[in-house]
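**Q** Can you keep this structure in mind? I'll have questions shortly.
The values are calculated or read from the model by the stated rules, or taken from the named source; none is laboratory data. Just so it is clear, the model here is predicted, and its values are computed rather than measured. Backbone-built Cβ (ideal geometry, glycine too); neighbour counts: all protein chains shown. The protein model used for the area step is the full one, side chains on, heavy atoms only, and it has no ligands, DNA or RNA in it. Shrake-Rupley method; radii C 1.70, N 1.55, O 1.52, S 1.80 Å.
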Amino acid sequence: MKNIILIFALLIALSFQTIAQKKGDVIAEVKDNEVVIKLHKLIEFGGAKEGNKFLVAEITIENISDKSLNMGAEYTMSIELKDSKGNEYRSGLRGAGIVSSYLAANPNVKQDQKAYNLCFSDNFPAKTKARSYLCGYEVPKDAQIVTFGVKKKNLWSEIK
């Protein structure tokens, strides 16, 4: 009887974990005639200077066009967040370090390095999709992040 209860409890725990980790969940999405960029989650991560916090963004980028794109220069390097006060936060090179620190501190989280590199590529193939822990941001601890987008292309979406 104990074994049956234990197995039942394990199955319930696993089902909750599966529900919480739906790969398709999207909290914001921007698109134009070339790309669709989806924000799946923002993960709060410690280690920022006092009064701030780090955020790591899990993002999918899809080239929906019929041509190869310079994804890094045209889109990825311009992915930003905005808070409720209108302040903008850019990931940039420092953001890559935040993502690396997050991954080093969380060895159970696996990065798709090929997808990450492709998202910053100058030759992102047509009809291709890549998902990765892509951007890192340092924001004030009290910042309420409400908008996600690509500043260079003026593509913005509210975060659900």
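**Q** Being closer than 14 Å to T128 by Cα and not hydrophobic (A, V, I, L, M, F, W, C) is the filter; apply it to the range 48-64 and report the residue that is nearest to the chain's Cα centre (by Cα).
**A** It comes out as T60.
**Q** Among the polar types (S, T, N, Q), in contact with a Phe, Trp or Tyr (Cβ under 9 Å, 6 or more places away or on another chain) and under 16 Å from E44 (Cβ atoms) - does that describe any residue in the range 90-100? Outline the logic, then answer.
**A** The first filter runs over the range 90-100 and keeps only residues among the polar types (S, T, N, Q), leaving 91, 100.
Filter once more, so that each one left must be in contact with a Phe, Trp or Tyr (Cβ under 9 Å, 6 or more places away or on another chain): 91.
Pick out the ones that are also under 16 Å from E44 (Cβ atoms) and you get 91.
Yes, the conditions are met somewhere in the range 90-100.
**Q** Taking interchain pairs and intrachain pairs at least six residues apart, which have beta carbon atoms under 9 angstrom, with the first residue in the range 64-78 and closer than 17 Å to L39 by Cβ and the second open to solvent by less than 50 Å² (accessible area, probe 1.4 Å) and part of a helix (DSSP H, G or I)?
**A** M71/L118; M71/C119; Y75/C119; T76/C119; M77/G92
**Q** Among the numbered criteria (1) open to solvent by 30 Å² or more (accessible area, probe 1.4 Å); (2) of a type in the set (G, A, S); (3) in contact (Cβ under 8 Å) with a residue 40 or more places away in the chain, which single criterion is violated by A104?
**A** (3)
**Q** Are any of the residues in the range 117-130 within 25 Å of G46 (Cβ to Cβ) and acidic (D, E)?
**A** No - not one qualifying residue is present in the range 117-130.
**Q** Tell me, which residue of the range 74-92 that is of a type in the set (A, V, I, L, M) and open to solvent by less than 50 Å² (accessible area, probe 1.4 Å) is nearest to I27 (Cα to Cα)?
**A** Looking only at the range 74-92, we keep the residues that are of a type in the set (A, V, I, L, M), and these are 77, 79, 81.
Subsequent filtering for residues that are open to solvent by less than 50 Å² (accessible area, probe 1.4 Å) retains 79, 81.
On the way: I79: 15, L81: 13 Å.
Filtering the range 74-92 for residues that are of a type in the set (A, V, I, L, M) and open to solvent by less than 50 Å² (accessible area, probe 1.4 Å), the one nearest to I27 (Cα to Cα) comes out as L81.
**Q** Tell me which of these V56 doesn't satisfy, since it passes every other one: (1) aliphatic (A, V, I, L, M); (2) crowded, with 16+ Cβ neighbours inside 10 Å; (3) assigned to a helix (DSSP H, G or I).
**A** Of the numbered conditions (1) aliphatic (A, V, I, L, M); (2) crowded, with 16+ Cβ neighbours inside 10 Å; (3) assigned to a helix (DSSP H, G or I), the odd one out for V56 is (3).
**Q** Then there's this: Can you report the number of residues in the range 95-126 which are part of a loop (DSSP other than H, G, I, E, B) and either hydroxyl-bearing (S, T, Y) or in contact with a Ser or Thr (Cβ under 8 Å, 6 or more places away or on another chain) (or both)?
**A** Quick first cut of the range 95-126, residues part of a loop (DSSP other than H, G, I, E, B) only: 106-112, 120-123, 125-126.
Still in the list and also either hydroxyl-bearing (S, T, Y) or in contact with a Ser or Thr (Cβ under 8 Å, 6 or more places away or on another chain) (or both): 111-112, 120-121, 123, 125-126.
The total comes to 7.
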